[in-house]
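Asks: Attaching a single structure in structure tokens format; questions to follow.
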Amino acid sequence: MKNTKRWTILILILGAWALVLAQSCDRTAKRADGSSSAVEKDGEQAKEDGDAAAAEGDLPGEAAPGTIAVESPGPSAPAVFFLAGLKGYLEPCGCSAEILLGGIERLTGYVDAAQKLHPASTMLDGGDMLFEFAEIEEHDIPQVKAKAEVIVAAQKRFGTQVTVPGELDFALGSAFYLEKLEAAGVEPIAANLTIAGKKLEAGRIIEVGDIKLGVVGAVEPRHYEGLEDVATTEPVEAVKKAVAALKKDGATTTLLIMHGDLAATRAVLNAVDGIDFGVVGHAPRESDEVQQAGGGFTLEAFDQGRYLGVLKLYERDAQGAYSNAGAASVSEIEKLERVIEHKQGQVDRFPPSKRHENPPILARLQDDIKDLKEQVVALKSASLNVPESGNAFIYRPIAMVPGLPINEAMESERRVFNESLKSLQMAVKREVVPPKEGEAFYVGTNNCATCHVGAKKFWDGTAHAKAVKTLEDRDKLFDQSCIGCHVVGYEKPGGSVIGKLHYEAKLGERTIQKDLENVGCENCHGPGSAHMAMPVDAAGKPQFINPTPTVTQCMECHVPEHSPKFNFDAYVKDITGAGHEFKSK
């Protein structure tokens, strides 16, 4: 009797396990080449995961949206918000914890909240709004066009009034650019630029409360050389005329949006009287420094939507100059910033894996840095000195950090865009770049593992082995701007493209199956087909492979844009070890 019960229980357990496996098999998701991966969730689970992500933030370590309040130091006043170089960024890269700034729903959420803190406000744009690159390859066009639609939706929510065309904005031609601006309700201005033979409006007066803000646009000509349908002249004389015209029409405060770098912006401010502020529209620095030039001040807000410029205006004298009410105790702040830099250097020397483990000494350093940064902010706020008479301003570039409020409608638009990437990319037929006769091609980590068993075992435990999963987790596996640094040999001869991460190839007389997912052996050591065919030379030494990769290979992906704290000596320790020892030249 007991045996019968045991068999019955065993059969029930096996049946339940079979059911679990069957359900697991049903929940498979297609990878970037059509193969399967058990990552897709059923509707209820996806909803639960979405709710959890919303509570915690999208990325590990992110503060939940709305946990940081939007503030406006100083007495109430009209405000000017601006972006410079959004470059089509809808969300931060997310490759490392240092670059979580930005996000289109965070920007719109912040502006929504900040507008309520000011009696009046306006939104401006410094150019390079739509695209990151001046040239866009044919297979990328569907994705960047779809992304541009999300940017248009965001600009409508911002209520952006004017923009100065940046050179990157013409990547798909002037007609496409002007069409998107019209859809967004944004007017292009520039005193020294024509599009398709048509002069743009040089500037306009925008009423911000009682302030008649004269906004002038101008560009630095060198950035526009060779662009079709676009012509420029030198900016100084054109800006002089525009400023004079705006003042004649009643402008009481003037602001130049200069699509040029800091030096170019300073040059115009120094050469033209009557400009109160100059927004740096091209290559703005990550800095809150306000420089005086001529009779005005330069303003910078870091690009890619990582910072939003916020300028508060206290206009009491329509003809008077402005003073900086936010000029803090420079020496004390510099002292604190030097300590922050020193402690941050100590943090940067920790290997990435140790940062994830968060040992006590690292946690203490990070807490110290946070406290010091709060002291800097407090010092700057405490030193606000808005005079009771005369014109004054407060300028702050606001970092779009996790925890700020978000606009849920824009979050939805961004998620829908991410979900559309697969269909957009799979509709574009792409072929792998063929290797030249005798040229080595990529074979995939699975083929390297047939000999290098120990190295493969070690690699399995590294972040490189999970590179594709990080994209899957965020609906970015089909994103052209991401996938290249998460797979082997992307767009290289005999390598991979979207739609072809797994495929067969001939190696001599045999057929091999390539698996080019994740950051594998050949990302560092180079294409391995020749080495696989003839691993060693007559002396028994490895051949046709790079046995000692250097920082050069890493820097193909670990660029400052996506890996600002990259340190070869620290990072290499995370991808080498037992069975895969580091060898230097």
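Asks: Have a look at the DSSP beta bridges in segment 137-214 and tell me what percent are antiparallel, nearest 5.
Replies: Of the beta bridges lying entirely in segment 137-214, close to 65 percent run antiparallel.
Asks: Can you pull out the GluC sites (Glu not before Pro) in segment 98-186 whose DSSP state is coil and whose Cβ has at most 14 other Cβ atoms within 10 Å?
Replies: Those that pass, being in a loop and sparsely packed, are GLU135, GLU137.
Asks: While we're looking at this one, here's another question. What does the extension gain come out to for GLU337 and SER389, with contour length at 0.36 nm per residue minus their alpha carbon separation?
Replies: 15.5 nm
Asks: Right, next: Please report Rg (one decimal) and Dmax (integer) in Å for the Cα set of segment 107-212.
Replies: Spelled out, the Cα radius of gyration and Dmax of segment 107-212 are 14.9, 49 Å.
Asks: I would also like to ask the following. Based on DSSP loop calls and a cut-off of at most 14 other Cβ atoms within 10 Å, the longest stretch of the chain free of exposed chymotrypsin sites (Phe, Trp or Tyr not before Pro) is what?
Replies: It runs 134-581.
Asks: Continuing with this model, one more query. TYR322: net charge of surrounding residues, Cβ under 10 Å, Lys/Arg +1, Asp/Glu -1, itself excluded?
Replies: Overall, the nearby charge balance is -3.
Asks: When only C-alpha pairs under 8 Å and at least 6 residues apart count, what is the relative contact order of the chain, in percent?
Replies: 15
Asks: Within segment 430-574, what percent of beta bridges assigned by DSSP are antiparallel, to the nearest 5?
Replies: Percentage antiparallel, nearest 5: 90.
Asks: Using DSSP to define loop residues, name the GluC sites (Glu not before Pro) in segment 461-567 whose beta-carbon has at most 12 other beta-carbon atoms within 10 Å.
Replies: Sparse-neighbourhood loop GluC sites (Glu not before Pro): GLU509, GLU556, GLU561.
Asks: Turning to a different aspect of this structure: Would you kindly calculate the translational diffusion coefficient of the chain, applying Stokes-Einstein with the Kirkwood radius from alpha carbon pairs, for 25 °C and a viscosity of 0.890 mPa s, and quote it in µm² s⁻¹ without decimals?
Replies: This corresponds to a translational diffusion coefficient of 91 µm²/s.
Asks: Oh, and also: With unit charges on the beta carbons (Lys and Arg positive, Asp and Glu negative) and the dipole taken about the Cα centre of segment 478-585, which residue among GLY489, SER563, ILE545 sits farthest to the positive side?
Replies: So the residue furthest toward the plus end is ILE545.
Asks: Projected onto the charge dipole of segment 430-574 (+1 at Lys/Arg Cβ, -1 at Asp/Glu Cβ, origin at the Cα centre), which of HIS531, PHE458, GLN480 gives the Cα projection farthest towards the positive end?
Replies: Projecting each Cα onto the dipole axis, the largest value belongs to PHE458.
Asks: Still on this structure: Take the Cα gyration tensor of segment 430-574, multiply each eigenvalue by 5, square-root it, and list the three semi-axes largest first, rounded to whole angstrom.
Replies: Values for segment 430-574, descending: 24, 20, 14 Å.
Asks: Nearest 5 percent is fine: what portion of the DSSP beta bridges confined to the chain is antiparallel?
Replies: For the chain, the DSSP antiparallel bridge percentage is about 55.
Asks: Still on this structure, I have one more. What is the fewest-to-most order of SER76, SER529, SER420 by other Cβ atoms lying within 10 Å of their Cβ?
Replies: Starting with the residue having the fewest Cβ neighbours, the order is SER76, SER420, SER529.
Asks: In segment 369-468, what GluC sites (Glu not before Pro) fall in a loop by DSSP, with at most 15 other Cβ atoms inside 10 Å?
Replies: Those that pass, being in a loop and sparsely packed, are GLU388, GLU431, GLU437, GLU439.
Asks: Taking neighbour Cβ counts within 10 Å as the exposure measure, how do SER389, SER287, SER121 sort from fewest upward?
Replies: Result, fewest neighbours first: SER389, SER287, SER121.
Asks: Let me ask something additional. So what's the gap between the Cα centers of segment 277-309 and segment 533-565, to the nearest angstrom?
Replies: Cα centres, segment 277-309 to segment 533-565: 40 Å.
Asks: Can you sort THR462, THR511, THR108 from fewest to most other Cβ atoms within 10 Å of each residue's own Cβ?
Replies: Listed from fewest to most nearby Cβ atoms, that is THR511, THR462, THR108.
Asks: If you find the alpha carbon centre of segment 415-443 and of segment 482-507, how far apart are they in angstrom?
Replies: When both Cα centres are located, 7 Å separates them.
Asks: Given a Förster distance of 45 Å, report the FRET efficiency between ALA271 and LYS466 from their Cβ-Cβ distance, rounded to the nearest 0.05.
Replies: Approximately 0.25, to the nearest 0.05.
FYI, it's all coordinate maths here, none of it is from the lab. Remember, predicted model here, so these are calculated numbers, not experimental data. When we count neighbours, we look across all protein chains shown, and the Cβ atoms used for this are built from the backbone with ideal geometry, even at glycine.
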